[in-house]
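FYI, it's all coordinate maths here, none of it is from the lab. Because the structure is predicted, anything quoted here is derived from the model rather than measured. Please note: Cβ atoms are built from the backbone with ideal geometry, for glycine as well, and neighbour counts cover all protein chains shown.
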Protein chains: 4
Amino acid sequence: MKQKLRMGMVGGGIGAFIGGVHRMAAALDGEIELVCGAFSSDPEKSKASGAQLGIVPERAYGSFEEMIKKEKKLRPDKRMQFVSIVTPNHVHFAPAKMALENGFHVICDKPLAFSLKEAQTLEKVVQKTGMLFALTHNYTGYPMVKQARQMIRHGELGAIRKIVVEYPQGWLSTHLEASGQKQAAWRTDPQRSGIAGAMGDIGTHAENLAEYITGLKITELCADISTFVPGRLLDDDGNVLLHFENGAKGILHASQISAGEENDLNIRVYGEKGGLQWRQMEPNTLVVKWLDKPTQLYRTGVGALYPEAQAHTRIPAGHPEGYLEAFANIYRNFALCIRARLEGKTPDPVYMDYPTVQDGIRGMQFIERVIESGKSAKKWIKF
Amino acid sequence: MKQKLRMGMVGGGIGAFIGGVHRMAAALDGEIELVCGAFSSDPEKSKASGAQLGIVPERAYGSFEEMIKKEKKLRPDKRMQFVSIVTPNHVHFAPAKMALENGFHVICDKPLAFSLKEAQTLEKVVQKTGMLFALTHNYTGYPMVKQARQMIRHGELGAIRKIVVEYPQGWLSTHLEASGQKQAAWRTDPQRSGIAGAMGDIGTHAENLAEYITGLKITELCADISTFVPGRLLDDDGNVLLHFENGAKGILHASQISAGEENDLNIRVYGEKGGLQWRQMEPNTLVVKWLDKPTQLYRTGVGALYPEAQAHTRIPAGHPEGYLEAFANIYRNFALCIRARLEGKTPDPVYMDYPTVQDGIRGMQFIERVIESGKSAKKWIKF
Amino acid sequence: MKQKLRMGMVGGGIGAFIGGVHRMAAALDGEIELVCGAFSSDPEKSKASGAQLGIVPERAYGSFEEMIKKEKKLRPDKRMQFVSIVTPNHVHFAPAKMALENGFHVICDKPLAFSLKEAQTLEKVVQKTGMLFALTHNYTGYPMVKQARQMIRHGELGAIRKIVVEYPQGWLSTHLEASGQKQAAWRTDPQRSGIAGAMGDIGTHAENLAEYITGLKITELCADISTFVPGRLLDDDGNVLLHFENGAKGILHASQISAGEENDLNIRVYGEKGGLQWRQMEPNTLVVKWLDKPTQLYRTGVGALYPEAQAHTRIPAGHPEGYLEAFANIYRNFALCIRARLEGKTPDPVYMDYPTVQDGIRGMQFIERVIESGKSAKKWIKF
Amino acid sequence: MKQKLRMGMVGGGIGAFIGGVHRMAAALDGEIELVCGAFSSDPEKSKASGAQLGIVPERAYGSFEEMIKKEKKLRPDKRMQFVSIVTPNHVHFAPAKMALENGFHVICDKPLAFSLKEAQTLEKVVQKTGMLFALTHNYTGYPMVKQARQMIRHGELGAIRKIVVEYPQGWLSTHLEASGQKQAAWRTDPQRSGIAGAMGDIGTHAENLAEYITGLKITELCADISTFVPGRLLDDDGNVLLHFENGAKGILHASQISAGEENDLNIRVYGEKGGLQWRQMEPNTLVVKWLDKPTQLYRTGVGALYPEAQAHTRIPAGHPEGYLEAFANIYRNFALCIRARLEGKTPDPVYMDYPTVQDGIRGMQFIERVIESGKSAKKWIKF
């Protein structure tokens, strides 16, 4: 009889947004069971959250340190097997490091850390401990993103020339953080978010998506970084020119003041033979355009997709799969890799596909370089 | 500490499609736990399926009769609290009836039964036992469907005049059942599906959606029912004219030979003041059109939606919610209503919203009338 | 030096809608020159309209009879060569007949006549006189409609099974004719429109489009015809089941009370191998769907289209061509055929493509049958 | 009786693309008549083109100099009243200057000239002669572009913060000019195009559209200019960061190697209160997005549009108007302004709306600055 993998959570108490997302994503496939958590830095709140989530009181801990120590002492077949970290950016590093060093695998929200330096330290901890580490750049979990990546990898578009990746949102068009709205408050606070606002929160998703789909690394960038809302402490908009390793050129822009936009992450990639376009808000369609042939709409579940795309679809064509399903793909793949390790097997390569600590390092480099470029009179900054 | 509700399942063994959907839908919100099942009429297969699903061997039963009997004997705090029935149509009635009569709530896939007669019997069992009964007309679980219903209910479109509801699919364009494909095989088999093919499988969803959104009952219909694929035993296409109780006119067409269509359930409703349009394949947008004013795009999570729409959304605007989330809304509401009953409370009315045995009766009536009309030279058949 | 063809117009004075459309369509390609007209039944208004249109006063006639008689007496290289009839339905027959019998080719707005009987008489006049006659079912002038027709004709979709053609408008949702609005007034007046309202005005376009694209004739129909707006004298909505000659089934619905709809003529055709979809409001895209292959977007001017499509495009891909260009294709083809006759040549077959008096007969039959069916308790009425 | 305005044309002989566009645009409204032309620098070809266009042989001139001289000698009521210049960029200046100085109004294709210097000279000639001068930045002729401009002008979006304007094409993805294709050949030839390729041909349209819609001037820019196709002599792609006078930030990118793109000029503008989006390939829709309210689709001809939008629409809502109609709006407005001058009247302000020599100067400045920036290591270049 198959046993569910046991997960502990750091953060994600009542009222948090991303904690609930992680829990739904972890629950969807019946592979993972939430068994404990340090849901809040306030022990009372952590207990209350645990009770709502069906966690026995003694495993709703008052701090991540307590959770890691106490869980470690439980019987191997009882204790948590991995930790999910869903706190604001400034509380990623410490629990991740401690969990890894105490023999727990870690899945962590993005960006990886508060600073590039923290991120680099964490990378070393991952290497030293040999534990598995996943970063929830969840947008790469969509089947059509994987189809796009494989089409480019197999040369269907020819050499890549141009990449346009966008992430417009409008929810911070007003000084929302002044109202005490929790999501706005920490994301615009340098003490909790780090040196970047929009560029860290969503710019890194755009950067990650561009590198994931194209398989190309950004080599240098030129950024115009702005804060439009008076009183705001971090950037809320950025426009960036990109150079990629193979000579491709690109544009990345991310914004939280694009009034009326919801969460419109999208990418276009143009090669010598064709181009493709994917939009997160209609994620089950991949538009592929050709020189002098009809445009094609690749659709989740329709026809001969690459195995990497097919493996990340749960239901038949025309039954829309969304954000939670893509997020769940990260959790499911991470779980399958943990399970394979427990069983001493090599995971099926199509599932060995989730963002890692190296992706996290790229993201932190992006944040530091893009903010540096925004302040610089020099045109190009090496990535 | 909150306890999950305990669910037993009838059907849904390895290789089934809809069983997996029900399990994911039940798991998503952390409200429900699968504790037992009669996953197949073959006891070996049921055990094997149970093992894969993490069910202890003694609760993977060889038949639904065994499951109901044995679970009833377990301690109240251990035994299943409701049964989920995910078998083909001809195995809905017997397990539903037995479960209800033994004190278990039931959630059942659609259509309600093999025949209208069975359905009417079941309705009486539900009334007599007083147990809760839900039918998974899952498309009514989408937030924008609920918004549409409320807009019409509050008179925003004025009196309704015209309704066009469509459900085109193309997956049965060839004689797929001859290949042994499991989904095609039972759906086109009169012994397992009943008197209707496409009209039962998807036509009933269209009928249910039209009545749910408009709040109007169909009073008579005129149908043109076809079987296009040679060798097929049931209908694979139907075009139907509809009359509604208030004088509104309508069209319903459903097809499984609309080559190239995925699962394009959609509806348009026109009233005196405006019209609306919703498509299942882009479920987070509700298009509302007005006389001489700009068209509006209502979007899941954006702006001042009706509470009934808002309550069925899990994540912020622009993070697409799909089929599983809508399906999960049926399970979540059903779970909340069971929980309220256990606690002696009245559920919040916005969650007392899932299809019932009465909806199932309407569906079975639709099937019988539409097939009758298809064979009749008379123009209008009373519903 | 090429000479422009000389056109006379009946109807289309100041304030008319369709007259201006015909003039722009005729002018676009520099093939046709408006030289005279009987723009109104009121001689003063006709003169005033002529002056605005740059017509010399002596050729702005007070009646079509006067125009035909006087023009006939002019030198052959001066007089009009064909007549364009843009009056309401009840004034199609008389000027068309007289023009044809006096040696003038005729291009006429649809529907062909006030009644089927008139239409049949006109057909005989066309045959007897041997003059050219075009009917402006302008929607068949779009390049992507021609591409659709050719794809079906060449068997790309396999045998046709199902056709859904729709023509929803919303502009008559209120009792607009009571306000004196000119377009509404004559279209809802049985004295000027004939026995049908919406079914004649736009239903015939839908019928024509379906037969043009599929190459199949409607053989019988079953109609539900309604008048929703109190006080209106003719139908404003109709839902129709169709049978086609090869066994294909269809739905046609047309409406002028679909509140919020503009002019959304559209068609879907499904064959054994694939389906296609075209919408007049986005006319440069033809969606083609396949069993288990990516959907294709054929676009005006892109790739290897059929010559019949290519020949009706004026500008490069991505430069949208609209309603007037499609309308102009009817005029251009008609002009090329007149010119070929003048030069004793056979026109290039790709341009021998405009709706004829036979299409007009089909349209009038449709009107009579659909209204008959709407009143009948019999299910099927032979077309 | 109204007389048509008499137009002479420079360029646009058989086989040219844009000459035909100008002729159709000029013909559409019945305001303008083509009476003469120097259609080619080869007198034989000019004659042949003239014959095809119905021009009497003596007015199909061998050069623009001949045309201007000879037409000037004709009787005022016979001679051309304005000149349309549709030649490649290097033959804009000389005919424009000579025409203006000889008392003919001029309408000229864009960009204004071969160099900024020429453009500035031309501006002085326009001022000195007092003749009317129009530049065919035709995309500003669309009704929904005018609606967008008015909405911003009236403050509906609040202060503008961000502008994204794009012009992707894919037709130069291969070394098409090597094949002798006429359109590709001159556009990629520095001797005929000037210092810029894509940035001049289409980048200037994007720049013009952004300034027209927002009413804001670009103050500085930072460009990344590329030539991707080996052997090509001018740029085929450019990505540009923009600063606007009020502090707004922007991105402009234009490309002729975006494989599979047709002619996808589009713009998004975000203000404090809302955002808007317009796409040339679906020009009759203007998407307007708001903070926390449903998105609106403004449509050509629907509802209460600004008079400036309404005045540039010819047919009812839902009858798509395209590229030629927008182009024709420039000609129509230019014609109405010439006519007003002839009649000593002031034109209606809604029609005093066509791009002028000042817009041309902006375009030439854009070309020079963007190419300079592309070569510079300095981040920002003043506009």
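Evaluate peptide A:320-331: per residue, the Cβ atoms of other protein chains within 10 Å of its Cβ; return the mean as an integer.
6
Which whole number gives the average, over all residues in B:224-232, of C-beta atoms from other chains lying within 10 Å of the residue C-beta? Before the final figure, lay out the partial values.
On the way: counts 9, 1, 6, 0, 8, 2, 0, 0, 0.
Mean inter-chain Cβ contacts per residue within 10 Å come to 3.
Taking the Cα centre of the stretch C:5-131 as the origin and placing charges on Cβ (Lys, Arg +1; Asp, Glu -1), which of C:53, C:24, C:125 is farthest toward the positive end of the dipole?
Farthest along the dipole direction, towards plus: C:125.
Rounded to the nearest 500, what is the 222 nm mean residue ellipticity of chain D from helices alone, with -39500 (n - 2.57) per DSSP H run of 4+ residues and division by all residues?
Numbers: 12 runs with 128 residues, N = 383.
That calculation yields -10000 deg cm²/dmol at 222 nm.
Let me spell out the model: positive unit charges on the Cβ of Lys and Arg, negative unit charges on the Cβ of Asp and Glu, origin at the Cα centre of the protein assembly as shown. What dipole size does that give, in debye rounded to 20?
Rounded to the nearest 20 debye, it is 0 debye.
How big is the gap, in Å, between the Cα center of the stretch A:19-68 and the Cα center of the stretch D:1-16?
77
Between residue A:382 and residue A:73, what is the label-point separation in nm under the 7 Å Cα-to-beta-carbon projection?
So the label points at residue A:73 and residue A:382 sit 5.1 nm apart.
On each of the three principal axes of the Cα atoms of the stretch C:5-131, give max minus min coordinate, whole Å, ordered largest first.
Cα spread of the stretch C:5-131 along its principal axes, largest to smallest: 37, 32, 29 Å.
Counting partner chain Cβ atoms within 10 Å of every residue's Cβ in D:300-306, what's the average?
The shielding value for this peptide is 3.
Quick check: Cα centre of the stretch A:79-114 to Cα centre of the stretch B:217-241, how many Å?
With the stretch A:79-114 and the stretch B:217-241 each reduced to a Cα centre, they are spaced 57 Å.
Using Cα-Cα distances under 8 Å and only pairs 6 or more residues apart, what relative contact order does chain D have, in percent?
19
So how strong a dipole does the stretch B:217-298 carry about its Cα centre when Lys and Arg Cβ are +1 and Asp and Glu Cβ are -1, to the nearest 20 debye?
Details: 8 positive and 12 negative charges, 80 e Å.
Its charge dipole is roughly 380 debye.
Mind listing the Cα extents of the stretch A:270-312 along all three principal axes, in Å, largest one first?
Cα extents, longest axis first: 30, 23, 16 Å.
Let's test the formula: R0 of 22 Å, r as the Cβ-Cβ distance of residue C:310 and residue D:178. What FRET efficiency results, to the nearest 0.05?
Using R0 = 22 Å, I get an efficiency of 0.35.
If the limit is 18 Å between Cα atoms, which of D:249/D:379; C:4/D:45; B:110/C:162; B:97/B:117; A:97/A:128 go over it?
With Cα atoms farther than 18 Å apart: C:4/D:45; B:110/C:162.
Would you mind computing Rg(Cα) / (2.2 N^0.38 Å) for chain A, counting N as its residues?
0.98
What percent does the relative contact order of the stretch A:5-131 come to when contacts are Cα pairs within less than 8 Å and at least six residues apart?
Working: 225 pairs, mean separation 29.3, N = 127.
Computed over the stretch A:5-131, the figure is 23 percent.
Considering only DSSP beta bridges with both partners in chain A, what is the antiparallel share in %, to the nearest 5?
Numbers: 38 of 63 bridges.
Taking every DSSP beta bridge within chain A, about 60 percent pair in antiparallel fashion.
How would A:179, B:376, D:255 line up from fewest to most surrounding beta-carbon atoms within 10 angstrom?
By the 10 Å Cβ count, ascending, the order reads A:179, B:376, D:255.
Please list, or write none, the aspartates and glutamates whose alpha carbon is within less than 18 Å of the alpha carbon of residue A:375, excluding same-chain residues fewer than 8 places away.
Once the sequence-local aspartates and glutamates are set aside, what remains near residue A:375 is A:220, A:224, A:235, A:236, A:237, D:220.
Which residue, A:7, A:271, A:227, has the largest displacement toward the positive end of the dipole of chain A when charges sit on each Cβ (Lys, Arg +1; Asp, Glu -1)?
Final value for the positive-end residue is A:7.
Taking a virtual spin label 7 Å from the Cα of residue D:120 along the C-beta vector, which residues in the stretch D:190-227 bring their backbone nitrogen under 13 Å of it?
From the stretch D:190-227, the list is empty.
Just report the Cα centroid separation between the stretch D:175-212 and the stretch C:115-181, whole Å.
Centre-to-centre (Cα) distance: 42 Å.
For the protein assembly as shown, what is one quarter of the convex hull surface built on the Cα atoms, given in nm²?
Answer in nm², one decimal: 53.7.
Would you mind computing Rg(Cα) / (2.2 N^0.38 Å) for the stretch C:130-242, counting N as its residues?
Its radius of gyration relative to the 2.2 N^0.38 Å reference: 1.25.
Only four residue types carry charge here, +1 at the Cβ of Lys and Arg and -1 at the Cβ of Asp and Glu. Report the dipole size of the stretch D:41-150 about the Cα centre in Debye, rounded to the nearest 20.
The dipole magnitude comes to about 300 debye.
How big is the stretch C:204-336 in terms of Cα radius of gyration and Dmax, in angstroms?
17.2, 52
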